[in-house]
Amino acid sequence: MMRSMFSGVAGLKTHQVKMDVIGNNIANVNTTAYKSSSINFSELLYQTQSRASGPNGLTGRAGINPKQIGLGVQSAAITNAITTGGATQNTGNPFDIKINGEAFFVVSDGKSNYFTRDGSFYVDAAGNLAMSSNGYNVMGWGVDEATQTIKKDTVQALRIMSAANMTYPPESTTEAYVDGILDKNEPDASTEAGKTMNLSFFDALGYSYTAKFAIKATDVKGEYTVELTDIQNSEGESLVDVYNVNSINDIAGFGGAGSLTKTELRDLITGAKYDPATQTYTKIQELEDVFSDFKANRISGIKNYQVKDPAAATGTHAAGDTITLTGKGSMSQKDLESVYKMIFVSADDPANHFRDDTTNPPTPGQDYYYYEEVDPADPTKKTPIYLTGDATDTTNMDNWKKALNITQMTSFTFNTDKGIEFEVEQDFTVAKDNTIYDGTDFVGNITQEEAYGVDTSDPNKRYSFVVAENGKAQVTTTTAYNGHILKFNTDTGKFISIGNQDSATLDFNASATTKLGTTESLANFTDINIDWTNVTWFDNGGASTMTAQSGTEGKGLGSGRKLGNMSGVTIQNNGEIYGVYDNGMTKLLGQIAVAKFANAAGLEKAGDNLYSATLNSGEFDGIGVDITADGAGSMTTGALEMSNVDLSSEFTHMITTQRGFQANSRIITVSDTLLEELINLKR
């Protein structure tokens with residue numbers, strides 16, 4: 001009876017342990033990546049009352065089985081369903097990772113490595129990828145700086161957002177290409193400025209620039225010059241000004257020096273004459289071209305300036321000579337009142353007189369103007385100027401000169417509209433030597449270029465002339481350019497060459513010498529190879545579509561880039577972590593390593609969803625493996641592994657455990673009753 005009671009006690013204990021296991025499973029039904037546990041029972045020792053005996057052939061007696069009484073039950077093993085995966089819970093968080101397969105994340109508290117299936121990670125203040133629950137660092141492999149590939153060595157904390165990883169270095173542009181159509185009837189290509197084409201590029205520091213090219217048609221059909229005209233920074237400033245140099249060729253070159261010729265027949269400009277005997281050119285000069293001070297000193301309102309003494313002025317004059325001109329002008333009542341602030345007073349309206357001026361009274365019966373004369377002794381003084389009289393009336397003449405500020409006035413008369421007609425004489429200074437007056441007009445010698453309307457302001461153009469007796473000339477223009485000749489097949493419209501090649505180089509100088517004589521380094525610029533093979537010369541209704549793009553066509557290699565700031569992080573299914581930058585680049589930052597064990601069930605739970613390696617699980621080699629190495633595992637980002645606890649099974653086990661516990665308690669109560677009856681025999 002005592003044995004049966006202790007067997008019941010053992011049964012109660014083991015079923016209580018099983019209930020503890022079940023309770024723990026149910027408690028962790030929503031724990032991330034929790035692996036359910038199960039318990040197995042085994043018998044305790046047996047008390048042998050008689051051993052087994054074998055059959056006796058001599059006596060014919062059969063064998064006897066052993067007689068044993070069990071002593072109860074014990075907990076044999078508690079196992080984890082560690083290889084059974086849980087359901088997937090999508091979170092949308094890029095740092096939440098679910099392992100597919102039998103591997104484990106490797107995490108560290110700074111001293112020891114632990115293993116977990118809980119992939120709820122975050123990035124801490126130092127940029128380390130860590131567990132959200134306890135801050136343990138996620139371990140993995142770093143990047144070999146020389147090869148930019150993963151270096152699979154002893155695992156280390158993954159510091160994916162270090163200062164070095166927050167930016168992506170800039171790169172200078174080394175390649176470019178031109179494509180599209182240069183329309184054969186492109187109007188801009190026939191202008192002096194040419195058809196403009198821009199190329200955007202970066203230097204080694206990540207600064208952006210725009211190279212400007214001019215494409216100009218030549219006299220040869222299907223051929224154009226392509227010249228570098230400027231390079232501007234992102235602020236629109238020319239590098240010519242930024243570096244204080246003479247021309248853009250001090251910064252960069254595009255091709256070599258060349259020249260083109262164009263011949264055309266030209267007539268003399270209007271007013272020009274050619275003297276074949278002296279081979280000189282003359283032209284009737286406007287007064288503003290004859291006299292250096294004419295524009296500044298001419299009197300407003302004067303028309304038809306003429307030489308006062310044609311006979312004396314006829315002949316050749318030198319610069320600095322003075323010649324007297326006469327001119328006539330007029331001013332209306334409106335001009336006198338609005339411009340010169342004079343006030344008309346009618347003789348028939350004495351009531352409008354300003355005052356009785358005893359010092360300078362107006363003459364009765366005459367129309368006149370008042371004008372304000374500054375007199376410190378009498379600020380209100382107004383002087384009357386009469387609309388009668390002539391130059392012989394010196395007082396009235398002086399008043400008109402003073403009022404109109406025309407000291408050169410020689411005579412005046414009045415019209416019926418209360419206005420004034422006057423004449424002036426002025427001395428003007430001859431502007432240049434060899435100025436001829438022929439008695440009617442001023443005639444000046446002009447250059448051959450001026451005679452045919454040739455623009456001499458362009459330093460890249462030179463002219464030669466073959467002149468006929470009648471003054472017509474065959475003018476040959478030689479235009480120097482610094483660039484390449486772009487050629488097309490005029491039959492097919494296909495590209496032939498640029499500078500006899502398929503590509504041309506924007507060639508930067510190593511340094512630039514400023515106008516002050518100092519040297520500025522240009523080492524941050526890199527030569528750019530520009531491919532032209534895809535340009536065509538088709539008819540597109542006069543509209544060209546030709547553009548220049550950085551990088552190689554299709555692949556975009558050598559396009560250059562600005563400094564990039566990290567805009568995001570992505571994690572691949574093999575655990576590789578990439579930084580995404582706002583300059584369009586991505587960078588390998590590291591790879592999450594995983595651990596695999598020969599007997600994963602032999603791992604020991606360490607709390608916080610962590611496991612430790614044991615002798616029966618197999619040791620961790622410190623390096624780990626790529627989760628995709630065997631082709632069976634992978635990682636899913638934006639998701640977590642849920643608990644693999646099956647509530648229906650747990651509740652079923654709970655019922656059977658409760659019944660087992662209940663039955664074992666009955667063994668004790670029944671045994672107690674038997675003992676009680678035995679004691680009662682003594683009574």
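Structure data summary
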{"item": "Binned Cα-Cα distance frequencies in the stretch 592-654 - 10 Å width, integer %", "result": "16, 36, 36, 11, 1"}
{"item": "For Ser300, solvent-accessible area (1.4 Å; no DNA, RNA or ligand), Å²", "result": "100 Å²"}
{"item": "Mean Cβ neighbour count within 10 Å, used as a protection proxy, ranking 59-71, 491-503 highest first", "result": "491-503, 59-71"}
{"item": "Cα gyration tensor, the stretch 233-349 - rounded (a/c under 1.5), prolate or oblate", "result": "oblate"}
{"item": "Tyr369, Tyr305, Tyr340, Tyr207, reordered so the largest accessible area comes first (probe 1.4 Å)", "result": "Tyr207, Tyr340, Tyr305, Tyr369"}
{"item": "Quotient of C-alpha Rg and 2.2 N^0.38 Å, computed over the chain", "result": "2.07"}
{"item": "In sequence order, calculated HN-Hα J values of the stretch 552-564 (Karplus, 6.51, -1.76, 1.60; Hz; x Gly/Pro)", "result": "7, 5, x, 8, x, 5, x, 6, x, 6, 7, 5, x"}
{"item": "Accessible surface of the stretch 144-204 [probe 1.4 Å, protein heavy atoms]: carbon and sulfur percent", "result": "48 percent"}
{"item": "5 Å-binned pair-distance histogram of the stretch 1-131 (Cα, whole percent)", "result": "2, 8, 11, 12, 11, 10, 8, 7, 7, 6, 5, 4, 3, 3, 2, 1, 0, 0"}
{"item": "Relative contact order of the stretch 44-171, pairs being alpha-carbon contacts under 8 Å that are 6 or more residues apart, as %", "result": "14 percent"}
{"item": "Accessible area (Å², 1.4 Å probe, nearest 10) - Asp250", "result": "50 Å²"}
{"item": "Theoretical ellipticity at 222 nm over the chain - DSSP helices of four or more residues, -39500 (n - 2.57) apiece, nearest 500", "result": "-4500 deg cm²/dmol"}
{"item": "Karplus-derived HN-Hα couplings along the stretch 225-236 (A = 6.51, B = -1.76, C = 1.60, θ = phi - 60°), whole Hz, x at Gly and Pro", "result": "8, 10, 10, 7, 9, 5, 10, 10, 7, 5, 8, x"}
{"item": "Highest-first arrangement of 656-668, 95-107, where packing means the average Cβ count within 10 Å", "result": "95-107, 656-668"}
{"item": "Three-way shape label, the stretch 542-639, alpha-carbon gyration tensor, a/c 1.5", "result": "prolate"}
{"item": "Candidate residues Glu469, Glu286, Glu641: accessible-area rank, largest first, probe 1.4 Å", "result": "Glu469, Glu286, Glu641"}
{"item": "Accessible heavy-atom area order of Val430, Val123, highest first, probe of 1.4 Å", "result": "Val123, Val430"}
{"item": "Separation between Cα centres of the stretch 541-593 and the stretch 275-308, rounded to whole Å", "result": "68 Å"}
{"item": "The stretch 396-524, accessible surface, carbon-and-sulfur percent (1.4 angstrom probe)", "result": "41 percent"}
{"item": "Reachable aspartates and glutamates from Lys487, criterion Cα separation under 12 angstrom, eight or more residues apart if same chain", "result": "Glu223, Asp502"}
{"item": "Percentage relative contact order, the chain, counting C-alpha pairs under 8 Å, at least six apart", "result": "25 percent"}
{"item": "For Gly575, residues with placed amide H under 5 Å, excluding near neighbours", "result": "Met635"}
{"item": "Antiparallel DSSP beta bridges within the chain, as percent of all bridges there, nearest 5", "result": "95 percent"}
{"item": "Per-residue ³J(HN,Hα) for the stretch 407-418, Karplus 6.51 cos²θ - 1.76 cosθ + 1.60, θ = phi - 60°, Hz, x for Gly and Pro", "result": "6, 8, 5, 10, 7, 8, 9, 10, 9, 6, 9, 6"}
{"item": "Span-like helix ranges in the chain, DSSP H, alpha carbon extent 30 angstrom or more, Kyte mean at least -1.0", "result": "2-27, 647-680"}
{"item": "Pairs from Lys216/Lys273; Lys262/Lys494; Lys151/Lys596; Lys13/Lys98; Lys283/Lys328; Lys283/Lys308 whose Cα-Cα separation, in the structure shown, is over 31 Å", "result": "Lys216/Lys273; Lys13/Lys98"}
{"item": "Carbon plus sulfur fraction of accessible area for the stretch 235-336, probe 1.4 Å, in percent", "result": "44 percent"}
{"item": "Accessible surface, per residue, of the chain when the full set of protein chains is kept, probe 1.4 Å, Å²", "result": "54 Å²"}
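The values are calculated or read from the model by the stated rules, or taken from the named source; none is laboratory data. What you see is a predicted model; the values in this text were computed from it and never measured. All Cβ positions, even for glycine, are placed from backbone atoms using ideal geometry, and neighbour counts span all protein chains on display. SASA here: full protein model, heavy atoms, side chains in, ligands and nucleic acids out. Shrake-Rupley method; radii C 1.70, N 1.55, O 1.52, S 1.80 Å.
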